[in-house]
Each structure stands twice: as C-alpha cells, then as structure tokens.
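Reading through the structure tokens given below for one structure.
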Amino acid sequence: MAKSKLGAADFRLRKAAPADGPVLAELLNAAGEGLPLHLWSLMAGPGEDPMAVGARRAAGTEGGFSHRHAHVAMVDERVAGMLLGYPLPDPCDTSGLAAAPPVVRPLLELEARAPGSWYVNAVAALPQFRGRGVGTFLMNIAEFLARAAGAPATSLVVAEDNAGAMRLYQRLGYEVLDRRPVARFPGCHHTGDWLLMCKNLRRPATDGAG
C-alpha cells in the first residue's frame with residue numbers, strides 16, 4: 001500500500017533534546033549513509049556498540065553532531081525525522097584538514113567552499129515515514145532558519161549517485177558548486193563524488209521551495 005503524503009500541518013517541529021540521543025544517532029547514520037557509524041566504531045571502546053557512541057555524542061553539547069544543532073519533526077507525538085544544521089564560519093577554518101580522517105577530509109574541504117552559508121549537516125526520516133514529505137518539510141525549515149540567521153545561502157553535501165536526494169535538492173533550487181571523490185569506508189556503496197550543493201537565498205524563492 002502506498003504511503004500517503006503528509007503536509008506541513010501534519011508536522012510539529014521542536015528542538016532536539018539530550019533524551020533524543022538514540023533516535024538522533026539512527027537518523028544521523030541514515031543521513032550519512034553509514035559514514036557516522038564507521039567513525040563511531042573508531043571511537044568505541046572494547047565491546048562498545050558504535051551506535052551507543054553516536055547516541056552519547058548526539059546527547060552531548062560538543063561537536064557538529066550535538067543535539068544542540070538539531071530539530072525533530074513530530075507526527076502524532078512520534079519522531080518522524082531530523083534536521084541538523086548550523087551556519088558555517090566566514091572564512092572557514094581549514095587548519096585541521098590535514099589531521100582529519102581521510103574519509104571525512106573531502107567533506108570538510110567541500111564545507112570550506114561555502115563559507116557563511118547555513119550548512120545542512122544531516123536531514124533524514126525514519127523508515128516508516130520515508131516518501132511522505134518529511135524531507136521537503138525539513139529542508140524548508142532549513143531555509144527558514146538560514147534566512148533568520150541572515151545567511152546568504154544554504155549548503156549541503158550529497159553523494160552524486162543518491163538519486164532520490166538529488167531530485168529533492170534540485171527541485172528545491174540547489175545547484176552543484178563543487179565536488180570531491182568519495183573516500184571509501186567499510187560498508188560504503190558509493191563510487192562517484194561527493195557534491196557540494198548550494199541555494200542562493202538572495203534570489204526570489206521558486207515554486208519548488210514552497
């Protein structure tokens with residue numbers, strides 16, 4: 001049976017909280033297509049579940065994966081999806097690039113190409129809510145937050161062979177600004193490039209942006 005689309009009125013948006021750590025970790029890993037889990041496995045202690053590492057980091061206050069940067073979309077008091085994003089500094093600090101793990105270095109290089117933009121680090125829906133408009137709702141929230149912060153653009157990084165995400169971002173007015181080859185990691189199924197996509201918020205809004 002096809003899943004029915006949800007409209008903006010069906011969602012309630014709230015700031016994420018430390019108690020959301022486990023679901024945020026699940027959504028972060030889905031958005032990162034397994035890369036977060038790989039990084040958490042490198043941080044895990046002997047016998048520790050990498051997802052527990054992710055949940056702990058999401059519940060904390062430090063780093064880009066903190067719940068402080070996240071909003072969750074609720075449907076009938078259930079978490080349906082998550083948006084995690086923040087403004088990038090201008091200029092971006094690239095002093096730590098050389099020391100970054102090789103698998104994330106291309107992503108950091110691309111981030112640095114969009115200084116001052118509002119960066120969508122992760123956006124994802126739980127499996128039972130996929131294909132129902134959660135991504136569109138949260139991307140529109142990202143644009144609202146970016147405008148409220150005075151950012152000139154929104155930005156994100158996506159794998160070029162993630163066809164569904166690419167269709168969504170292009171429909172919303174995002175354009176490819178730069179690219180870097182994917183540095184493969186265990187479980188990675190992408191073979192092409194990471195793409196930096198940006199949307200200029202100083203242009204008039206398009207119909208697709210809603």
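All of (1) over 16 Å from the mean Cα position of the chain (by Cα); (2) more than 16 Å from Lys5 (Cβ to Cβ) hold for Met166 with one exception: (1).
Looking only at region 1-55, residues that are within 23 Å of Asp76 (Cβ to Cβ) and of a type in the set (Asp, Glu) come to 3 in all. I'd like to know if region 81-99 contains one or more residues that are farther than 24 Å from Asp10 by Cα, outside any strand (DSSP E or B) and touching a residue at least 40 places away in the same chain (Cβ under 8 Å). Yes, that holds for at least one residue. Filtering region 143-167 to residues that are of a type in the set (Gly, Ala, Ser), at pLDDT 95 or above and in a helix (DSSP H, G or I) leaves Ala146, Ala148. For region 123-142, a residue qualifies if it is closer than 12 Å to Leu84 by Cα and not small (Gly, Ala, Ser), and the qualifying residues are Val123, Leu138, Met139, Ile141.
Residue by residue through region 59-101, note down the ones that are in contact with a strand residue (DSSP E or B) (Cβ under 7 Å, 6 or more places away or on another chain) and aliphatic (A, V, I, L, M). Passing the criteria: Ala70, Val72, Ala73, Met74, Val79, Ala80, Met82, Leu83, Leu84, Leu88. Within region 1-14, restricting attention to residues that are in a loop (DSSP other than H, G, I, E, B) and of a type in the set (Gly, Ala, Ser), the residue that is nearest to the chain's Cα centre (by Cα) is Gly7. Taking region 100-141 as the range and being of a type in the set (Lys, Arg) and assigned to a loop (DSSP other than H, G, I, E, B) as the test, the residues that pass are Arg113, Arg130, Arg132. Of the set (1) under 24 Å from Val182 (Cα atoms); (2) more than 17 Å from the chain's Cα centre (by Cα), all apply to Asp76 but (1). Could you check, for region 69-80, whether at least one of its residues is without any contact (Cβ under 8 Å) to a residue 12 or more places away in the chain and in a strand (DSSP E or B)? Taking every residue of region 69-80 in turn, at least one turns out to be without any contact (Cβ under 8 Å) to a residue 12 or more places away in the chain and in a strand (DSSP E or B).
The condition (being within 16 Å of the chain's Cα centre (by Cα), surrounded by 15 or more Cβ atoms within 10 Å (Cβ to Cβ), under 23 Å from Trp40 (Cα atoms) and among the acidic types (Asp, Glu)) is satisfied by just one residue among Glu160, Glu111: Glu111.
The values are calculated or read from the model by the stated rules, or taken from the named source; none is laboratory data. Only a predicted model underlies this, so the values are computations on that prediction, with no experimental measurement involved. Here the Cβ is made from the backbone with ideal geometry for all residues, glycine too, and neighbour counts use every protein chain on show.
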